[in-house]
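Okay, structure first, notes after.
The values are calculated or read from the model by the stated rules, or taken from the named source; none is laboratory data. None of the values given here were measured: they were computed from a predicted structure. Here Cβ is always computed from backbone atoms with ideal geometry, including for glycine, and neighbour counts include all displayed protein chains. Side chains are part of the model used for accessible areas, which takes the heavy atoms of the whole protein and leaves out ligands, DNA and RNA. Shrake-Rupley method; radii C 1.70, N 1.55, O 1.52, S 1.80 Å.
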Amino acid sequence: MFDEIMGKFEGSPSQQAVVRLLLERGFSVNAEGRVVSGGIEIPNTQLASEIGVDRRVVDSTTDAVLADDELRPIFRNISAVPSLRDLAPVLDLSVLTVAVADAEQSGIVAAVTGEIAARDISVRQTISEDPEFTDEPRLSIITDEPLPGEVLTAIREFAFVRKLELE
């Protein structure tokens, strides 16, 4: 799906940058063509500054999104999900990030969280990046307590695991 969305803007790398920002941040486009997070409008000048384009590129991108029957419902309904990943150090939580060989394989989240739950460790949040929207999707598991070595070893032995990172 990501490739299809980006393909609609293949002639304009600047517009692709705007689309990528909207998708990564969970920003939507309201009926007036304004970029919003929930009900909060984000000025086009700030968006443009963030990605190094002129604000008119943001305007033309949102106009194109609203004019496209396939893109309109996608970008009108995107929403951001709060992540504990960046807050973990402040809240004294642990983060395990799993890079996998094939993110479209089924059962990855269940296998990893199952190993953690089997040790009676509470999972506060899981964030599974969609392989359609990122080149190297990761699974992040946020827990109340540090994961013991045996959990990490068990998870590392799964055939789908390419790399583990602890924060």
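Of note:
- Options S140, S128; residue that is within 30 Å of E4 (Cβ to Cβ) and open to solvent by 60 Å² or more (accessible area, probe 1.4 Å): S128
- The listed residue being of a type outside the set (K, R) and assigned to a strand (DSSP E or B), out of I74, I141, I121, I155: I141
- Set side by side, the residues A118, A101, A110, A159 differ, and just one is on the phi < 0 side of the Ramachandran plot, loosely packed, with under 13 Cβ neighbours inside 10 Å and in contact with a strand residue (DSSP E or B) (Cβ under 6 Å, 6 or more places away or on another chain), which is A101.
- Screening V90, V65 for residues that are surrounded by fewer than 15 Cβ atoms within 10 Å (Cβ to Cβ), of a type in the set (V, I, T) and closer than 30 Å to I40 by Cα leaves exactly one candidate, V90.
- Within the stretch 5-16, considering residues that are free of Cβ contacts under 8 Å to residues at least 40 places away in the same chain and assigned to a helix (DSSP H, G or I), the one most open to solvent (accessible area, probe 1.4 Å): P13
- Residue within the stretch 69-90 that is under 30 Å from L166 (Cβ atoms) and more than 19 Å from the chain's Cα centre (by Cα) present: yes
- Among the residues examined, V109 qualifies as in a helix (DSSP H, G or I) and touching a Ser or Thr at 6+ places or on another chain (Cβ under 7 Å).
- All conditions in (1) surrounded by fewer than 12 Cβ atoms within 10 Å (Cβ to Cβ); (2) on the phi < 0 side of the Ramachandran plot; (3) touching a residue at least 24 places away in the same chain (Cβ under 8 Å) hold for T45, with the sole exception of (3).
- For the stretch 21-41, the tally of residues that are of a type outside the set (S, T, N, Q), more than 17 Å from A67 (Cβ to Cβ) and surrounded by fewer than 18 Cβ atoms within 10 Å (Cβ to Cβ) stands at 8.
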